[in-house]
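First comes the structure, then the notes that go with it.
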């Protein structure tokens, strides 16, 4: 279980995340929604270690991660995909995923060990590229990929780490209509496996309705609603103040 207790961060006099307490169980997908500036990505940054908390705790399986740096949290089982892709642009698509496989196995830069296991590492990386429909681009530089394929590559790298917790921050942002289904199918597949905790920040309410078991709503850094999707979306306070009229008209969070 992933849990945050009174998690907060202040930037000068501004409280960006304000005492958010929430627990997320394995086998569930929770969508975190709210208007722009509500603190969603900042909350993700606090969980994954990109930002230090001003107060509160982040726990995974009862272990306090609050003072751990982001790489240590990754080794503990937190996996994060960002709004902006985080790739090695001048390495091939295959090499990007193979490095993630090496990192999970703790090989790092042990070049002799890596060389001896190169075929095994490459086979595992290629299997992941097949899952994200990028096997035919394995030899291309990551920088040469269109935006949608870069996002798919980042998901493949995240899957290579085999985290307990998957954190997707607007995974379909900037993708074409044709590219979106591949990412959503991957998230559905991870959800069906039933052993991962999945957190999703997403502005497209049709995606939220389809995938989420639960919706958490943030506003001005505070948790203001938490429950089953239908009940949360239908609530007056969320409709009027946090999701806005755009929910009814276009399916996108205001």
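Looking at region 21-31, can you tell me whether even one residue there is within 17 Å of the chain's Cα centre (by Cα) and free of Cβ contacts under 8 Å to residues at least 60 places away in the same chain?
yes
Considering only residues of region 221-254 that are part of a helix (DSSP H, G or I) and closer than 17 Å to residue 201 by Cβ, which is modelled with the lowest pLDDT?
Top of the filtered list is 247.
Let's see how each residue does on (1) outside any helix (DSSP H, G or I); (2) closer than 18 Å to residue 17 by Cβ; (3) touching a helix residue (DSSP H, G or I) at 6+ places or on another chain (Cβ under 7 Å):
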| site | (1), (2), (3) |
| --- | --- |
| 43 | no, yes, no |
| 47 | no, yes, no |
| 50 | yes, yes, yes |
| 66 | yes, yes, no |
| 72 | no, no, no |
| 75 | no, no, no |
| 86 | yes, no, yes |
| 89 | yes, no, yes |
| 102 | no, no, yes |
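So residue 136 fits all but one of (1) in the same structural domain as residue 86 (by TED's automatic domain parsing); (2) part of a helix (DSSP H, G or I); (3) touching a residue at least 24 places away in the same chain (Cβ under 8 Å); what number is the exception?
(3)
Go over the candidates 153, 158, 129 one by one and state the one that is over 17 Å from the mean Cα position of the chain (by Cα), touching a residue at least 12 places away in the same chain (Cβ under 8 Å) and not in a loop (DSSP other than H, G, I, E, B).
From the options 153, 158, 129, the qualifying one is 129.
With respect to residue 112, is the statement that it is at pLDDT below 90, over 30 Å from residue 46 (Cβ atoms) and part of a helix (DSSP H, G or I) true?
Taking the combined requirement at face value, the residue satisfies it.
Would you check if residue 38 is in a strand (DSSP E or B) and crowded, with 19+ Cβ neighbours inside 10 Å?
no
The values are calculated or read from the model by the stated rules, or taken from the named source; none is laboratory data. Keep in mind it's a predicted model, so treat the numbers as computed, not measured. Please note: Cβ atoms are built from the backbone with ideal geometry, for glycine as well, and neighbour counts cover all protein chains shown.
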